[in-house]
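K.L.:
First the structure, which I've put down as structure tokens, then a few questions once you've had a look.
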Amino acid sequence: MSDSELRRQLVEIGASLFDRGFSVGSAGNLSVRTADGFLMTPTNSSLGRLSVDELAELDHQWRHMGGPRPSKEVVMHRAIYETRPEAQAVVHLHSTYVTAVSCLAEDGPAIPALTPYFVMRVGREVPKVPYYRPGSAEVDAELRAAASQGPAVILANHGSIVAGETLESASNAAEELEVSAQLAFLVKDRQVRPLTEEQIRELLD
């Protein structure tokens, strides 16, 4: 895609996520890889009120080259791209149910593999990293280790960050993660039938 097409898509997907409640206020941020580096949502911007002419531009070394300042959480995006070189886009959301899951003090998988679409879009399970202040560079090592396991990561007491081969696929995966978190709450304390290991392997293969 051209730079102008990527800008338009970033604005459209941001608005779609916002309008459907996957992001509120100025929470969340998006980025996409370009020929010259990266485009990213600006700091303190709302995904519902982005402009194609007012996006942060960064070069391949993550230096700010134009537009408004990028989100303070640029450190997380950089960690994901450098850990997953196939990633062309990253979506970070504070969606309600994933954030609720991120606040639970429980061991084991944060979200069980209940549906095939969960496995196909985000993998066998989604790792969770400990809490770090938003924008803190200290999350880097933990986030890289988690991102090496799969395209989606849950950030304790914060939300999620998801990579994709396109901005659309990253957004779809982030939405699937949110719906899967909602399902986990709906069936909590009830007898469930998670996917078997054989079924999971078949999906991953």
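The values are calculated or read from the model by the stated rules, or taken from the named source; none is laboratory data. Since the structure is predicted, the reported quantities are computational estimates derived from the model, not experimental observations. FYI the Cβ positions are ideal-geometry reconstructions off the backbone, even for glycines, and counts take in every protein chain you see. With ligands, DNA and RNA removed, areas are computed over all heavy atoms of the protein, side chains included. Shrake-Rupley method; radii C 1.70, N 1.55, O 1.52, S 1.80 Å.
K.L.:
Which residues, taken from the range 76-103, are more than 23 Å from S46 (Cα to Cα) and open to solvent by 70 Å² or more (accessible area, probe 1.4 Å)?
P.N.:
Answer for the range 76-103, where residues must be more than 23 Å from S46 (Cα to Cα) and open to solvent by 70 Å² or more (accessible area, probe 1.4 Å): E82, P85, E86, C103.
K.L.:
If L143 satisfies every condition in (1) outside any loop (DSSP other than H, G, I, E, B); (2) farther than 24 Å from R201 by Cα; (3) open to solvent by 10 Å² or more (accessible area, probe 1.4 Å) but one, which is the exception?
P.N.:
(3)
K.L.:
So for the range 57-69 (the condition being touching a Leu at 6+ places or on another chain (Cβ under 9 Å) and under 30 Å from V179 (Cβ atoms)), does at least one residue qualify?
P.N.:
no
For (1) among the charged types (D, E, K, R); (2) farther than 30 Å from K188 by Cβ, each residue gets a yes or a no:
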residue: S71; (1), (2): no, yes
residue: M76; (1), (2): no, no
residue: E82; (1), (2): yes, yes
residue: E86; (1), (2): yes, yes
residue: A89; (1), (2): no, yes
residue: T99; (1), (2): no, no
residue: S102; (1), (2): no, no
residue: V119; (1), (2): no, no
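K.L.:
Identify the residue in the range 21-52 that is in contact (Cβ under 8 Å) with a residue 40 or more places away in the chain and surrounded by fewer than 15 Cβ atoms within 10 Å (Cβ to Cβ) and, among all such residues, is nearest to the chain's Cα centre (by Cα).
P.N.:
G21
K.L.:
Return yes or no: is R63 closer than 19 Å to T41 by Cβ, open to solvent by 40 Å² or more (accessible area, probe 1.4 Å) and touching a Phe, Trp or Tyr at 6+ places or on another chain (Cβ under 6 Å)?
P.N.:
Considered against the rule, which asks whether it is closer than 19 Å to T41 by Cβ, open to solvent by 40 Å² or more (accessible area, probe 1.4 Å) and touching a Phe, Trp or Tyr at 6+ places or on another chain (Cβ under 6 Å), R63 comes out as no.
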